[in-house]
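Since the structure comes first, as structure tokens, the remarks are kept for the end.
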Amino acid sequence: MSGRRWFALAGVAAAGVLAAALLAADASMGAKDTGVLLGWALGSAAVAAAVAAVLLRVLRHATLAVQASVATLAPVLALTVALLGTAATMFISTHDLRALLVVTVAAGTVGLVTALALGERVARASQRLGHLAQRIGDDGAAAVPDENAGGPSELRRLSAELEGALARLAETREQAAAAEDSRRQLVAWVSHDLRTPLSGIRAMVEALEDGVVTDPDTVARYYRTMGRETDRLAGLVDDLFELSRIQAGALHLELEKIALDELVSDAVAGVSVAASTKGVHLRGDVASPTPVVELSIPEMARVVRNLLDNAIRHTPRGGTVWVEAALDDDRAAALVSVRDGCGGIPDPDLPRVFELAYRGDAARTPGDGGAGLGLAVARGLVEAHRGDITVQNEGQGCRFTIRLPLAAG
């Protein structure tokens with residue numbers, strides 16, 4: 001027991017003795033009678049406390065109800081011994097002595113019943129805590145809160161904290177299971193996307209080495225195809241590297257202020273050849289005043305380029321891809337949006353578009369040249385800039401919107 005609690009107990013004992021002495025003085029008792037009464041009271045209390053301490057020591061493994069009963073009977077025992085002693089000393093009549101015994105036995109019985117009831121209540125609360133603690137080591141499923149659970153406030157608070165811990169544990173396990181499932185899919189799809197172009201490149205190299213292909217046009221076509229497949233592999237490796245940096249927390253951003261019209265124009269210029277080859281029109285629009293943000297230019301340019309590549313890939317020939325930049329309605333943040341003509345994403349799939357290795361029918365297919373990493377990388381980079389990225393269906397396509405904080409000043 002801490003020193004503070006010993007001090008509190010000593011203070012309570014001193015206050016009780018002082019109150020008894022004051023009452024004796026108020027009743028005009030002599031010093032001898034006062035000493036006898038205090039002696040019997042303190043002696044009986046000491047004996048009762050010693051007996052209770054021994055019993056609690058012996059019954060330390062018993063239930064709470066039994067220990068609460070022992071603790072309740074201790075003051076009853078002290079009171080009984082003190083009454084009998086003082087009655088014998090003060091020569092109280094036999095009738096009065098029996099009356100005191102009747103009152104003491106009745107009060108002790110009521111105290112014992114109350115102690116058993118309270119002990120049972122505390123025992124139920126402690127059993128609930130035991131069940132909650134056991135579930136932490138089991139499946140970690142969240143417990144159903146019991147609004148009618150009784151017990152002391154301390155145990156109820158502890159029960160509520162355990163219920164919250166179980167809920168968080170269950171959520172964490174679900175997230176871990178989802179991440180593991182996503183990791184398995186990613187490994188399978190990346191393996192496929194690596195193996196397919198490598199097999200094609202190897203077949204074309206062997207055909208060129210063995211002289212199977214000698215026609216100049218065919219040879220040139222093989223070289224162009226190998227170049228495209230090599231670019232695909234390089235892009236996949238870059239995405240994997242970038243994603244590993246994001247997940248490992250090893251992404252170091254060198255922030256600088258930039259007007260979004262520069263970022264948009266550079267991104268449009270970077271994908272103009274791919275758009276022209278696909279037959280897709282590119283349109284850019286930056287509202288005035290031009291938003292100024294503080295960001296790492298290479299990483300954010302990669303985000304916009306990933307969105308544009310995705311939009312161009314899924315927009316049919318003759319369609320249009322719009323990239324726009326402006327302030328939000330409250331003029332408190334900068335917005336960059338890319339709108340395509342992909343035909344829309346199924347509503348159930350919208351919340352999963354940015355998940356690792358997600359491939360929806362309208363967003364990605366195994367043959368589109370990506371392993372489902374581009375949008376996951378984009379989300380990680382945007383969040384690293386303290387921003388967020390969302391997607392919604394709009395018109396004949398969908399709109400990806402990046403929200404970034406404005407530069408200070």
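The values are calculated or read from the model by the stated rules, or taken from the named source; none is laboratory data. These numbers were taken from a predicted model, which means no experiment stands behind them. FYI the Cβ positions are ideal-geometry reconstructions off the backbone, even for glycines, and counts take in every protein chain you see. Note: accessible area is taken over every heavy atom of the protein model, side chains too, but ligands, DNA and RNA are not part of it. Shrake-Rupley method; radii C 1.70, N 1.55, O 1.52, S 1.80 Å.
Taking the criterion of being polar (S, T, N, Q) and modelled with pLDDT under 80, the residues of region 218-263 that qualify are Ser244, Gln247. Residues of region 304-332 that are under 20 Å from Gly344 (Cα atoms), assigned to a loop (DSSP other than H, G, I, E, B) and either charged (D, E, K, R) or open to solvent by less than 40 Å² (accessible area, probe 1.4 Å) (or both): Thr315, Arg317, Gly319. Taking region 268-287 as the range and being surrounded by 12 or more Cβ atoms within 10 Å (Cβ to Cβ) and assigned to a strand (DSSP E or B) as the test, the residues that pass are His281, Leu282, Gly284, Asp285, Val286. Could you tell me which of the residues Gly39, Gly43 is at pLDDT 70 or above, open to solvent by 40 Å² or more (accessible area, probe 1.4 Å), in a helix (DSSP H, G or I) and of a type outside the set (A, V, I, L, M)? Criteria check complete, one pass: Gly39. For first residues located in region 193-213 and closer than 16 Å to Leu236 by Cα and touching a residue at least 40 places away in the same chain (Cβ under 8 Å), partners that are assigned to a helix (DSSP H, G or I) and among the small types (Gly, Ala, Ser) and lie 6+ apart or on another chain with Cβ distances below 8 Å do not occur.
For the structure I just gave you, tell me whether Arg245 is open to solvent by 30 Å² or more (accessible area, probe 1.4 Å) and touching a Phe, Trp or Tyr at 6+ places or on another chain (Cβ under 6 Å). Answer is no for this residue.
In region 333-352, of all residues being assigned to a loop (DSSP other than H, G, I, E, B) and either at pLDDT below 85 or not aliphatic (A, V, I, L, M) (or both), the one that is nearest to Gly270 (Cα to Cα) corresponds to Asp340. Residue check: Leu129 meets all listed conditions (1) modelled with pLDDT of 70 or more; (2) in contact with a helix residue (DSSP H, G or I) (Cβ under 7 Å, 6 or more places away or on another chain); (3) aliphatic (A, V, I, L, M) but one, namely (1).
Give me the pairs: first residue in region 57-80 and farther than 19 Å from Ala45 by Cβ, second residue outside any helix (DSSP H, G or I), beta-carbon distance under 7 Å, and six or more apart or on different chains, which are they? Filtered contacts from region 57-80: Val66/Leu59; Gln67/Leu59.
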